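Structure first, then comments.
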Amino acid sequence: MEYTNKTFTNMNFVSRPGLQTFNSTSTNSMTLSSESFERWRQFIYKSCGIYFQDNKKYLLESRLLKRLNSLKLNSYEEYFDYVNLGSRKTIEMQELYEAITINETYFFRNQPQQEALIQKIIPELIQAKYNTPFKRIKIWSAASSSGEEAYSIAMVIKEYIQPRFPQFSFEIVGTDISKEMLEKARGGVYNDYAIKNLPLNFLKKNFTKTSRGFEISSDIKKYASFIELNLYDDLKMRSMQNFDVVICANVLIYFDLKSKIKVVNHLYNALNKGGYLFIGYSETLHGISQAFKLTSFPKTIGYKKE
């Protein structure tokens with residue numbers, strides 16, 4: 001089956017000024033003691049696998065301080081007891097995850113990965129399934145934040161793949177630990193910063209300007225669903241199966257080696273044979289897993305499950 005397209009060659013990519021939001025620094029001068037830092041570090045690590053190195057003590061301190069100020073608590077130790085109180089734990093743990101995770105993203109953030117998907121990987125997957133009853137391509141955007149990555153993939157599939165292969169269906173699943181970000185993804189309304197790298201023709205075709213921002217069309221929304229998921233949760237990770245592509249970018253950098261091995265093993269098990277894993281540009285599987293075959297694409301690399 002021959003496959004050709006000019007996917008990104010003539011796209012009109014322009015950078016437009018974005019609107020960034022910065023959290024103001026609290027005037028609270030409390031500091032996190034070494035003992036309390038270790039207590040919090042181990043608690044967070046056991047809960048979600050995120051590990052704060054010694055040189056990130058200031059970062060954890062500032063992020064926890066947001067919750068202290070919000071709850072009008074007087075110390076990090078008081079907040080630790082508050083989080084671990086049985087009747088509050090489930091709700092406050094979600095607030096804690098919101099505070100310690102970073103959710104900066106925007107549309108078409110990883111263009112080389114999307115080029116590899118559209119020009120090489122999805123055609124290869126379609127070729128392998130073309131004469132089988134299983135005409136579905138399933139893609140997982142792990143740590144999807146507010147949905148920009150999942151919807152970026154949906155837009156290029158709708159534009160370049162779906163018209164050529166109408167007999168195939170495409171399912172994109174976005175997961176994140178943050179309920180707030182998932183609700184934003186489901187709503188599909190974005191500000192100027194999120195669309196700063198969006199090709200103009202994609203903006204015109206797939207968004208409507210409203211008083212709330214830029215709202216993505218229902219034609220794109222139908223490709224994607226969003227689920228709350230902790231990548232460190234062994235039980236829930238077992239439900240993530242039969243994916244052809246997994247994108248887990250800029251996540252492993254927050255884990256120590258033991259957690260990285262555990263999470264990558266989960267991602268490997270979630271993939272079909274012949275499926276691909278993408279991670280962030282600053283990340284590597286060296287010393288973490290030898291189960292994948294390193295595969296080169298223009299300006300990026302992927303990992304194939306053979």
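The values are calculated or read from the model by the stated rules, or taken from the named source; none is laboratory data. For clarity, every value in this text was computed on a predicted model and none was experimentally measured. In this analysis, Cβ positions are derived from the backbone assuming ideal geometry, glycine residues included, and neighbour counts consider all displayed protein chains.
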Of all residues making up region 279-296, the number that are aromatic (Phe, Trp, Tyr) and at pLDDT 95 or above: 1
Options Ser296, Ser289, Ser282, Ser259; residue that is outside any loop (DSSP other than H, G, I, E, B), in contact (Cβ under 8 Å) with a residue 12 or more places away in the chain and not assigned by TED's automatic domain parsing to the domain that holds Tyr45: Ser259
Tyr276 being at pLDDT 95 or above, touching a strand residue (DSSP E or B) at 6+ places or on another chain (Cβ under 7 Å) and either outside the structural domain of Lys138 (by TED's automatic domain parsing) or surrounded by 20 or more Cβ atoms within 10 Å (Cβ to Cβ) (or both): yes
Hits in region 256-273 (condition: within 16 Å of Leu229 (Cα to Cα) and touching a strand residue (DSSP E or B) at 6+ places or on another chain (Cβ under 7 Å)): Val263, Leu267, Ala270
Condition check for Ile153: modelled with pLDDT of 95 or more and under 21 Å from the mean Cα position of the chain (by Cα): yes
Residues that are in contact with a helix residue (DSSP H, G or I) (Cβ under 8 Å, 6 or more places away or on another chain), closer than 21 Å to Asn206 by Cα and outside any helix (DSSP H, G or I), drawn from region 142-167: Ser144, Ser145, Ser146, Gly147, Phe165
Test: residue in region 114-130 that is under 18 Å from Asn230 (Cα atoms) and either assigned by TED's automatic domain parsing to the domain that holds Ile195 or free of Cβ contacts under 8 Å to residues at least 40 places away in the same chain (or both): no
Residue that is farthest from the chain's Cα centre (by Cα) [pool: residues in region 105-144 that are of a type in the set (Val, Ile, Thr) and closer than 17 Å to Gly280 by Cα]: Ile139
Residue, surrounded by the most Cβ atoms within 10 Å (Cβ to Cβ), within region 100-119, restricted to residues that are modelled with pLDDT under 90 and hydrophobic (A, V, I, L, M, F, W, C): Ile100
Ile195, sole failed condition from (1) assigned to a strand (DSSP E or B); (2) in contact with a Lys or Arg (Cβ under 9 Å, 6 or more places away or on another chain); (3) of a type in the set (Val, Ile, Thr): (1)
Boolean, Ser75 is farther than 21 Å from Val263 by Cβ, surrounded by fewer than 15 Cβ atoms within 10 Å (Cβ to Cβ) and not hydrophobic (A, V, I, L, M, F, W, C): yes
Single condition Phe108 does not satisfy, out of (1) free of Cβ contacts under 8 Å to residues at least 24 places away in the same chain; (2) closer than 24 Å to Glu148 by Cα: (1)
Residue within region 131-142 that is crowded, with 17+ Cβ neighbours inside 10 Å, farther than 26 Å from Ser296 by Cβ and β-branched (Val, Ile, Thr) present: no
